[in-house]
Structures are given as structure tokens and as C-alpha cells.
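Colleague: Structure provided below as C-alpha cells; questions to follow.
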Amino acid sequence: MKFEPQLHKLSNGLTVILDPMESATTKVIVAFNTGSRDENPNEYGITHFCEHMLCAGTKRFKNFDSIKDFIENKSGFWNAGTSTKHLFLHGRIIYQNTNVLLDVFSDMIQNSVFDSDAIEKERGAILDELGRAKDRQSRQERDFVIKKLLNGESLEFRTLGTAENIKSFTPEQLKQWIASRISATNCVICVSGKIESPDKLLKQIQMQYAFIPSNPVINKAEMRQYTPGTGHLTFSDNTNTSVIVALPELWKNSKENMFQRKCVFRFEDWLTENLFNALRTEKGLVYGVQPYACGPDDLTVSGFKTTASPENLQTVVSIIAQTCDRVYNKNHITPEFLTRLINRLRLGDADFLESNENRAKILVDKYFKFGELYDFYSSVKMAESMTVDDVIKYSRGYFNSPVSIITTGANHNVDLMSVWHANSGNLSKTNTISISKEKQCR
């Protein structure tokens, strides 16, 4: 399976990525580089509300069901989404009907009616969505971690907004907001799948999306800092307690740091394997240990997570600290484990090549991050060229920042930070390298 995407710039500044592959379907994404990061506190949730209204009906399609039925009758499906940085429409359809998705998405962006009755209906649906999100423990946990460790500001619920904001948005506010954030200069359209005539498809896109203006759109910069600490979020119905050990990422998420970051990921794989062996295989104290990451691209905390009974927490955290000290300072990653990891990653690479869903998503994501096409083969070559010495070198300093320990679930009365310090040896004092501020995430 080949990966040969092509980047095109249309006359109005819109970016088009065509990713031809042998497939019976095409994946289409129309994405705008704007999201809840660009909102002020009294606007939190407005981009997400606008996303709902783009899907609520146009002059051509009277409501959501009309759009859904039309696309399904053409052998496709579609959806929409909002994140802190992106607003997007996406779908997958048999390749003969690729233009159906492009045409409908164009209509939704250009001709959504923002009808007052539809706004009130979506207002209720969004309030329910917010309530369901607040009831979901995984969301509550991420929100708690971000509030505690990343500058005290929640991101998890910022995209959905607050109930007060959702209730207050007027039709005029919604229309003005979406008009100010939609531009050809911050738009990427990606088509991944069978493309019989790229030139014909480009002409269609040029015609269908010529209405999008080319006005500049300014994105807000995220200003965050890591504040180490501890905290517990009670889930009264839980029997066990989840333990998250986290630190800020060592290397910034930039193109220049890709190799260093891959090396750190391999160190984290090795560390997680050793933690699993110490806690699960040898002691049977936990069911599993998973890598952990939480936060925005500009400042993510990472580490690992496990779950244990409250009475075992002290023992579990002491073993975690001892294992981290041993692995970081003495038992470095082995060539055999690194080879196994690289071989395991090849299956994921094959999955990527075979899936137009994954290809389109990664192509859009990488373009927004780095302003260029994702070079899959160079990325694979980079990962396969990695040596044990590389992993050791670029993971030095991993434990230099103060560790945070966050727990959720059943209550406990253990001072886990004291347990960590009593068992972690000299993690933060040895095996460091000098990293310039431009490259360091912390």
C-alpha cells in the first residue's frame, strides 16, 4: 500500500490534501484551525454550539435527519466535531460518491440557517451533553488533572462550555462567531481513498468552496505552566483507587524534536513494562499498568497509571518509585526489547497504511501542527534507526521535574508523595543532559 499524498493550494488560499490509495471508499475531512482555545471565558462553548448549528439544517436540507438520510442513501456516513483547536466536518463514503460529501459539507458551511427554533432545540441537547460529560468519570479525571497540574485552567469542559454560556448565546452571537472564524486561510480539506481523477476533484473543490473568504484568522496562544502537586478526586461508588504518576513532557512537540520524542516514548514503554512486571507479574497487586498522557499539545503531562485497592496503595507506590529509580539509573532498555517494540510498531504502521480514516486524520493533524505534509516513510525510518544509546541519551532528565501524584476513586489516607520520596532514590539528580529552552517542553 502506497502513501503518496499531494498538497495543493487553491486560489482563495484554501489547502487541499489528496491522498490516493487502493480503496472502495474515500474519507473526507473539512477542518478549520479554530476551537475553544480562541474563546474568551464568556464565550466558552460557542464554537461547539456553532458546530451543532452547522449540522441542524440548511436551506436545502431542513434538519439533521435530512442530511443524514441523504448521505446514508448515497452509501456514506458523516459527523462533526469541535476540539480546543479544530472545528471539522468528516465522513466516509463509497468512492463513486465522494463529491456528495464535499457538496453537502459545502452547503452546511455556506447555507446553515441558524433558525431560532433549531437553536433552542440544540441548546437543550448541548446542556444534556454537558451534563453527561460531567457525569463521566474519565472526563472528570482528566479535568481534575488539568486543573491541578496545568496552570489551573480546565480544558476538558472548556470546549463544551458552561451552562450559563450555553443558555446565553443568541442567534446573532453564533452567526457572528462562525463568520469570524471560517476562512480559506485556516481551512484544510483532505480526501483519502480512491481518487480516479485528482484534477477533476480539485476543480470540484475549487468551485464548491470558492465562497469561503480569505480573511486572516488569529489564533490565541496557549500560556501554561506545570504546577506539581497531589490531589484526590472521590468517586464514592468505586472500590479501588486509580493512581496517576505524572510529569511534564521533556521535549516540545515540534518537528525538530520528533526523534527525541520517539526515544522518550520508547523509554516510557520500557518503564511501563518493568512496572507491570514488578506490580502485576511478581506481586499480583494490580491488574495492569498503562502509559498516561493528558493536556494540550503545548504542555502535556505524561507518565503512567494503575489501579489498586486503598489498603495496597502504599506498597504499590513504593514499588513504583523503586522501579523507576532502578530502571532510570541502572536497568536501561535492552536491544531485545527495543527490537520487539519496533516490530510491534510495524503492525500499527500497516494499519495506518490500510485505513483512509487514520490517514486523513493524521494528514490534517500534522499539517495544522507543522504546516506541511506528514512524511510517513521518514517517520518509520527514524523509528527503526533508533538505538539503545539514543533512548538512554534523550530520556535523560525525564525525572528532573518534580513528580505529581493524582488519585481518583475510593478514598485513602496515605501520604503518597512521602512514600514516593522515601523510595525514589536519586531520580532527579543523575543522568541529565542539557536541553535548550527552544527544545524543552518544561
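The values are calculated or read from the model by the stated rules, or taken from the named source; none is laboratory data. Keep in mind that what you see is a predicted model, and the values were worked out from it rather than measured. Cβ coordinates were reconstructed from backbone atoms using ideal geometry, including for glycine residues, and neighbour counts include every protein chain displayed. What goes into the accessible areas is simple: the full protein's heavy atoms, side chains included, and nothing from ligands, DNA or RNA. Shrake-Rupley method; radii C 1.70, N 1.55, O 1.52, S 1.80 Å.
Colleague: If you go through the range 52-83, how many residues are closer than 22 Å to Leu160 by Cβ and hydroxyl-bearing (Ser, Thr, Tyr)?
Modeller: 2
Colleague: Right, another one. Picking from Thr339, Thr306, Thr323, which residue would you name as being open to solvent by 40 Å² or more (accessible area, probe 1.4 Å) and modelled with pLDDT of 95 or more? Full working, then the answer.
Modeller: Values: Thr306 fails: open to solvent by 40 Å² or more (accessible area, probe 1.4 Å); Thr323 fails: open to solvent by 40 Å² or more (accessible area, probe 1.4 Å).
Step by step, each of Thr339, Thr306, Thr323 is checked, and only Thr339 is open to solvent by 40 Å² or more (accessible area, probe 1.4 Å) and modelled with pLDDT of 95 or more.
Colleague: Given the residues Phe169, Phe157, which is the only one that is under 25 Å from the mean Cα position of the chain (by Cα) and under 17 Å from Phe49 (Cβ atoms)?
Modeller: The conditions single out Phe157.
Colleague: Another question, then. Taking Arg359 as the residue in question, decide whether it is of a type in the set (D, E, K, R) and surrounded by 18 or more Cβ atoms within 10 Å (Cβ to Cβ).
Modeller: Numbers: of a type in the set (D, E, K, R): yes; surrounded by 18 or more Cβ atoms within 10 Å (Cβ to Cβ): yes.
Considered against the rule, which asks whether it is of a type in the set (D, E, K, R) and surrounded by 18 or more Cβ atoms within 10 Å (Cβ to Cβ), Arg359 comes out as yes.
Colleague: If you don't mind, another one. Restricted to the range 134-157, and to residues that are open to solvent by 70 Å² or more (accessible area, probe 1.4 Å) and either assigned to a helix (DSSP H, G or I) or modelled with pLDDT of 95 or more (or both), which residue is farthest from Tyr44 (Cα to Cα)?
Modeller: Once the filter is applied, the top-ranked residue is Gln137.
Colleague: So which residues in the range 255-299 are open to solvent by less than 30 Å² (accessible area, probe 1.4 Å) and farther than 21 Å from Lys393 by Cβ?
Modeller: Leu275, Ala278, Leu279, Val286, Gly288, Val289, Tyr292, Cys294, Pro296, Leu299
Colleague: Right, here's the next one. For the range 342-356, does any single residue satisfy the condition of being of a type in the set (Asp, Glu), in a helix (DSSP H, G or I) and buried (at least 16 other Cβ atoms within 10 Å of the Cβ)?
Modeller: Yes, there is a match, as at least one residue in the range 342-356 is of a type in the set (Asp, Glu), in a helix (DSSP H, G or I) and buried (at least 16 other Cβ atoms within 10 Å of the Cβ).
Colleague: Could you give every pair whose Cβ atoms fall below 7 Å, whose first residue belongs to the range 359-383 and is more than 30 Å from Pro335 (Cβ to Cβ) and in contact (Cβ under 8 Å) with a residue 40 or more places away in the chain, and whose second residue is among the charged types (D, E, K, R) and in a helix (DSSP H, G or I), counting only separations of at least 6 or pairs across chains?
Modeller: Pairs found: Phe370/Lys255.
Colleague: Okay, next question. Could you say which residue among Gly131, Gly81, Gly57 is free of Cβ contacts under 8 Å to residues at least 40 places away in the same chain, open to solvent by less than 40 Å² (accessible area, probe 1.4 Å) and more than 24 Å from Asn219 (Cβ to Cβ)?
Modeller: Step by step, each of Gly131, Gly81, Gly57 is checked, and only Gly131 is free of Cβ contacts under 8 Å to residues at least 40 places away in the same chain, open to solvent by less than 40 Å² (accessible area, probe 1.4 Å) and more than 24 Å from Asn219 (Cβ to Cβ).
Colleague: If Leu202 passes every condition in (1) open to solvent by less than 40 Å² (accessible area, probe 1.4 Å); (2) in contact with a helix residue (DSSP H, G or I) (Cβ under 7 Å, 6 or more places away or on another chain) but one, which one does it miss?
Modeller: It fails just one condition, (2).
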